[in-house]
Each structure stands twice: as structure tokens, then as C-alpha cells.
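Only one structure is covered here, and it is reproduced in the block below.
The values are calculated or read from the model by the stated rules, or taken from the named source; none is laboratory data. Values in this document were obtained by computation on a predicted structure and should not be read as measured data. Every residue, glycine as well, gets a Cβ built from its backbone with ideal geometry; the counts of neighbours run over all protein chains shown.
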Amino acid sequence: MIALFFACTSTISQPNPAEGITVADLQRHVGVLASDEYMGRGTLEAGLDKAANYICEEFKRIGLQPLHPNNTFMAPFTMYKGGYGEKTALNLINEKTEKQIPTDQWTVFGFSDEGTVSSEVVFAGYGITAPEYEWDDYANLDVQDKLVLVLRREPDADNPSSTFNGTESTEHGYFQTKAMNAVKHGAKGMILVTDPAYTNPNENFKDRLELSFEQEIKKQPSQGPTFLAAHISQKEAEQWLGSGVLDSWQYKLDTGTPTSELRVHKHAATLTVERRSVGKEVTLYNVAGRLPATSGEEYPLQVVVGAHYDHLGGIEAPTDMIYNGADDNASGTSALLELAEAYSQISVRQREMIFVAFSAEELGLLGSKAFVNQIDTERVVMMLNFDMIGRNSEKEMSVIGDGFATDVAQIVTEANKNIDLRVELAGDDYFGASDHDSFFRKDRPFLFFFTGTHEDYHQVTDHADKLDYSQMEKVSRLGFEMLKPIVDGSITPTFIQHISWLGIKMIPGEKNIVSHVELGSRADKAGLVIGDELVAVGEETNSDSLPGLLKDIPTGKETNLRIQRAKSINTVKVTRAKTGYVGVYPSALSDEQREKLQIIDSEGVLIRGVSADGPAFKAGLKENDVILQIEGSSVVPMSLGKVLRKIGAGENVTLLILRNGERMKIDMVLGERPER
Ligand SMILES: [Zn+2]
């Protein structure tokens, strides 16, 4: 009886803390964080401070302790702000006046060089030369050493039967294509103005924030002749040219008047672009709290739960110009708060728990990159990252990271039994476009919960009313349940090192044990088998440094690996191959293309052309295909070389590509870069 009595009270006073994770709470957090008052939570903007403050207040209410030695939840880190120096200016001149354009009415294009151009301005229509559409704005136009003024988009862009691909944009509509065309015709610079017919241009003249961990800013040396490019507001253009001028020009262009007949008289401009070479020191803040372990250990192992709370910011404007970021990532931040609250109800924790809201994720995972250098990551046995968990309830949620740590797939599956969320475990596929990547790079076990991208991704329309809160409840509860066996100490996941050039996986530790050998890989050919222990790489025998050494071994050099199997030690010789070669002319996707194709920032190599008889040609890749991943690694032109170095010449690889809007897989053999 007594036992029963106690059992009853304990169930009454201690309900499952997971039940405290509710639709209502999640809705409340998202409602606040994604509200217009928070102005899209842009880094170094007031809205982000408000969000940080909200998270601090929640952490305090929940009863977390500050993590940072400054004894507040605000965990600062220092960065250096690049961008444009004071000399950067645009002056527009007409017969009557010269006016310096206020900074909120114009912006420099990222691809602009530095320097000054002061010249007469020539109107160059849409700035397009497209023989395939029998269109040339530069016909009979002398723009040599001058500034050109061009309209945004393409002729007749809102007409579904326009020769320029109807209402869809062709590449001629891209800013960079227009700039390249102006350079080709000898112009020194380009001033672009949104064409008056464009009803929803989403113009934002805020400078793109450039932040670096280094104070000294490395500049890209410019290629070819110096060319400056700027984008001005319609309002300023109208004032400069006279009201109604742009409308009438666009009408005339679209109805067949040659561009050369549309003249600007005595209009000139001076454009100066200067980039900072020494960054300005700024302080950013992660928000971090902890629930101490109840074990009494001085340095307990740690479980980190994270989500970025920043987004793209916004401006006050007549039309909606606030990037509310409800899914990205008010959704994940809300899950973070709910997990903190639920875990604060648990009385026994073998692990210390850290709850951290990262800042500046959108600018390149800056908050988490700083954070992993402020803590002792060796103690972290699991990092769970929530980023975008509120949409696509008709699809499966992606769980990334289960192939990179022991036990993880099993605990997720087990935890999901009562929750019944549709999940897809990514296994060995890696997707690094969020803050877990900073932990992955430190060889820490991680999981990334992500319900996928959508048409409102990085748009001003990522609003709170579009989220599925009951899905978010399930995702958060899955996170809670999944962490339980780790927090209570019954399971300690270990990172699994993937050494892709060799074709093995290894569980690092006091003994480095091969846990997987890929069929047909170098390791397989060298005779390695599962269970082999790596005891030396070349002369190095320190077990801690072996996995890293092996992973980053230089190419072309034969290396001895010493392997212990049962009681015998063998030496095998392996050589990492040269960088793999695909044989395509890669180019970056513009923001417009990403938007149209719904491709996330970390993926996408647009194929401009395919080398004759190269590996890509043989595998059937075509111009305008977009490579998203190679062997599960996301690629952009910047990271392509790194991935190909890793994989090496002669390897069989699977490419995930996008062709005519369809995702498909293509197998190919990487070649070796031909001599030239
Ligand atoms: Zn984002």
C-alpha cells in the first residue's frame, strides 16, 4: 500500500517533462521571435538584441545557470567588420545640381572593383546583348570609358510570351551578366536601377555585412580592367533624370525603340568604391546557459543543444521588407527553449547540459565557430542542432549525423517509437550548412534535425503562421527523448572518423579501430578489414593524432600504415591519389537562380560547359546541370577543389545533380587533371 501510495504521488508530482513541450509554448516563442518588432533578427541590428534578451529571460525563468565566466547568459565573441570605407560615395550630376546619394538609397554590388570613375552617363537600356533574341542595347552606342545606366531585368519581363523566356529570367537578366556585357563594350562602370514595371522588387540597400575573425582583411585581386557597379533606388534615379523618364524609356524599349535613341543629356556621375583593409572590432553574442550535472563530477561530459537565433534582418519600408525567419530559425530556437525547460525538470543528470543560441549563423556559422573555441570540446559527447524544423510536414524530417557517431541511429529510432515522427536517417551523408558543422570539424558526435527548405526559405514570407506547430512539438520531443540515455549516462556516443580517400571509417580513441571498409576502396585493396587497429601512420604512433594525420595526408606520397590484427602487426603501403578531376567549367549560382531553383546556399555548382571527352562528358553531364553534392558532400564552386582533393583521381563517385528541376544521381569516375 505504502509503496503504491508513493508510486502514485511520484507520478502525479513528476509527469514526463516531455509533456511540457507543447504546441502552445512553441507558438508563443515563435510568435515573439519572428514578430515584426524583432525586425528579422539581423546580426548587429537592434532586433537581434531583443531576441537575445528574450532568450536570456527564458533561460532565467527556466533556472539555467550562465555558462560564460562573465556570469551572464550573453557569451561575447569578437569579430572584425569589413565592408566599405568612408570614401565610398555616389554623386549624381545633372544640368542643375550635383547630389551625393544617401547611403540608404544605393549600394555597391559585391562584384564591383575598387576605385573611382567620374564620367558622362550613357543610358544602355537593359544592358543586354543577346543575338539569340535579336536584342542589342549597345548597338550604335559609344560607352567607351563611360558609366552606363541600365534597367534591371529583361525586355517585356512581365509578358508571359516575351521572347526572353516569358516571365522567367534568362541569364541576361542577372546583374553580373549585365556587368560583364558592359565591360565587354568598354564601359568603366554600371549604375543599375530597378525597372519601373517591376511591382515587387524587394530592394534593400543595406550593405551586406562582412565579418571576419581576422582584423586584417584580405582583398581579392581584381581580374581584368577595373569596373565599378552600383545599384540605386528608383526614387533617386527619378530625381536625377526627371519624373516619368524611366517609365517612358521602358515603354519605348519594350515596344521597339532602339536604345541608342533614348539619350540622357548632360547627366554624369562620380562613383567611388573603397573597401576597408582593417576591420572594425565588433562584439557579437551567443546566448548560453547550463544545467549542471548532478553527479558532482568536476568536469563531467557535456551534451550541447543548439540553434541559431539570428536571421537576415530587415528594413522599415512601405512593402514588407522584414525577413521574419519563423522557420529559419525561430522554430529551432523555440525547440531549444522547450528542451531547456524540460531538462530542468529532470532531477538526475550524469552529463552537464549546455543550451546555446548561436548568433551570426547566416553569415557563415560564425557564432558556433567562435563557441567551439571557447569551450573544451573534448568533453562534448553530443551536439544536437535544430535549424528549420517547422515546415514540410508532408515530408520526412532529415536527421543528419547518425553515420558519424556510434549508437546514435539506434537511440533516435528507439526514441521515436512513441512519437512516431517520419524521419529519414541520413547515415553517412553529410550536410554541413548549419551550426553542428562547427562541432563536426572538432570530431564531436552531432545530430542535425532539419525539416527541409521551401519556397519561403530566406524570403520575407517566412512567417509564423506557415509553421506546423504539432510537427515542431514532435521534433522537439524526439530531441528530448533521444538525448535522455546520453544525459543519464547510459550511452556515450563516440565520433566516427570518415577517411574518405582511403575508404575507411574509424572509431578514434586510445585504440583507433577500423569500423568499416568500403568495397573497392584503397583500404580494401590494401587488405584492411574491420577490426584492424591502426597503430602508426609513417613514424607517428601517438594514438590521438593518428586519425587526423591519416585524414589530411598529402597526395602522391606513399605512406606506411602499421596495422595490428590479433597478435600480429603488419605494414601496408597506401598512396593518396591526386585531386580528382570532373571536367566541367563551374560557376556560382546567383541569388536569383537559387531562389528559382530552391537551392540552399551551401550547394550548387552551375555547369557552364563540359570539357570534351572529360569524365563529366563521359558520364553524361550537360551544360546548365547543377551539381549539388559529390559523394554526399555539398559543393559550391569554392568547396569543389577541397572535395575533389579528398576523393582523388580514379575514384568512383555518385553526384547528386539538378537537371530541369529534377534531382537525380549520376555515377562517374573522377579523372586526373590534364596537363596544360
Ligand atoms: Zn538561414
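Please specify each residue of region 319-351 satisfying the condition of being away from the ligand (no atom under 16 Å from the Cβ) and charged (D, E, K, R).
Asp320, Glu338, Glu341, Arg349, Arg351
Would you confirm, using the coordinates I've provided, whether Met74 is at positive phi and touching a strand residue (DSSP E or B) at 6+ places or on another chain (Cβ under 7 Å)? Break it down stepwise before answering.
Numbers: at positive phi: no; touching a strand residue (DSSP E or B) at 6+ places or on another chain (Cβ under 7 Å): yes.
No; evaluated as a whole, the condition is false for this residue.
Could you please find all residues in region 181-212 being buried (at least 17 other Cβ atoms within 10 Å of the Cβ), assigned to a loop (DSSP other than H, G, I, E, B) and among the polar types (S, T, N, Q)?
Selection gives Thr194, Asn204.
Conditions (1) touching a Gly at 6+ places or on another chain (Cβ under 7 Å); (2) at pLDDT below 90, marked per residue:
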| residue | (1), (2) |
| --- | --- |
| Glu592 | no, yes |
| Ser611 | yes, yes |
| Ile627 | no, no |
| Glu651 | yes, yes |
| Gly661 | no, yes |
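Residues that are more than 26 Å from the chain's Cα centre (by Cα), at least 1 per element: which helices (runs of 4 or more DSSP H) completely within region 578-676 meet that?
Fully inside region 578-676 and qualifying: 615-619.
For the structure I just gave you, tell me whether Ile666 is under 20 Å from Trp501 (Cα atoms) and modelled with pLDDT of 90 or more.
Yes; evaluated as a whole, the condition is true for this residue.
Quick one: in region 572-613, of everything that is among the acidic types (Asp, Glu) and either out of contact with any Lys or Arg (no Cβ under 8 Å at 6 or more places or on another chain) or under 30 Å from Thr559 (Cβ atoms) (or both), which residue is surrounded by the most Cβ atoms within 10 Å (Cβ to Cβ)?
Here the residue is Glu603.
How do the pairs read when you match residues in region 450-467 that are at negative phi with residues anywhere that are of a type in the set (Phe, Trp, Tyr) and within 11 Å of the ligand (Cβ to nearest atom), using Cβ under 6 Å and keeping only pairs 6 or more apart or on different chains?
So the pair list comes out as Val460/Tyr323.
Test each condition in (1) closer than 21 Å to Gly509 by Cβ; (2) in contact with a Ser or Thr (Cβ under 6 Å, 6 or more places away or on another chain) for Gly548 and report the one that comes out false.
(2)
Taking the stated definitions as given, is Thr571 polar (S, T, N, Q), in a loop (DSSP other than H, G, I, E, B) and either over 35 Å from the mean Cα position of the chain (by Cα) or not assigned by TED's automatic domain parsing to the domain that holds Gly632 (or both)?
no
Residues are listed down the side, and each one gets a yes or a no for (1) modelled with pLDDT of 95 or more; (2) within 21 Å of Asn204 (Cα to Cα):
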position	(1), (2)
His29	yes, no
Ser35	yes, yes
Leu48	yes, yes
Tyr54	yes, no
Leu67	no, no
Thr103	no, yes
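Would you pick out the residues in region 437-457 that are under 18 Å from Gly390 (Cβ atoms) and not aromatic (Phe, Trp, Tyr)?
Passing the criteria: Leu447, Thr451, Gly452, Thr453, His454, Glu455, Asp456.
Conditions: (1) over 35 Å from the mean Cα position of the chain (by Cα); (2) under 26 Å from Val304 (Cβ atoms). Ile507 meets all but one. Number of the miss?
Checking Ile507 against (1) over 35 Å from the mean Cα position of the chain (by Cα); (2) under 26 Å from Val304 (Cβ atoms), the one that fails is (1).
Residues that are free of Cβ contacts under 8 Å to residues at least 40 places away in the same chain, at least 3 per element: which strands (runs of 3 or more DSSP E) completely within region 472-567 meet that?
512-517, 533-537, 558-565
Can you go through Lys252, Lys184, Lys188 and tell me which one is free of Cβ contacts under 8 Å to residues at least 24 places away in the same chain, among the basic types (Lys, Arg) and out of contact with any Gly (no Cβ under 8 Å at 6 or more places or on another chain)?
Details: Lys184 fails: free of Cβ contacts under 8 Å to residues at least 24 places away in the same chain; Lys188 fails: free of Cβ contacts under 8 Å to residues at least 24 places away in the same chain.
The conditions single out Lys252.
Rundown of residues vs (1) closer than 24 Å to Ile315 by Cβ; (2) surrounded by fewer than 17 Cβ atoms within 10 Å (Cβ to Cβ), yes/no style:
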residue	(1), (2)
Gln100	yes, yes
Phe111	yes, yes
Tyr133	no, yes
Phe175	yes, no
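Please tell me if Lys442 is surrounded by fewer than 17 Cβ atoms within 10 Å (Cβ to Cβ), in contact with a helix residue (DSSP H, G or I) (Cβ under 6 Å, 6 or more places away or on another chain) and in contact (Cβ under 8 Å) with a residue 24 or more places away in the chain.
Spelling it out, Lys442 is indeed surrounded by fewer than 17 Cβ atoms within 10 Å (Cβ to Cβ), in contact with a helix residue (DSSP H, G or I) (Cβ under 6 Å, 6 or more places away or on another chain) and in contact (Cβ under 8 Å) with a residue 24 or more places away in the chain.
Identify, by number, the condition in (1) touching a helix residue (DSSP H, G or I) at 6+ places or on another chain (Cβ under 8 Å); (2) at pLDDT 95 or above that Gly332 doesn't meet.
(1)
Being at pLDDT below 95, away from the ligand (no atom under 16 Å from the Cβ) and closer than 18 Å to Phe446 by Cα is true for just one of Ala370, Ala426. Which residue is that?
Ala426
Does region 501-516 contain at least one residue that is away from the ligand (no atom under 16 Å from the Cβ), touching a helix residue (DSSP H, G or I) at 6+ places or on another chain (Cβ under 9 Å) and acidic (Asp, Glu)?
Looking for residues that are away from the ligand (no atom under 16 Å from the Cβ), touching a helix residue (DSSP H, G or I) at 6+ places or on another chain (Cβ under 9 Å) and acidic (Asp, Glu), one finds none in region 501-516, hence no.
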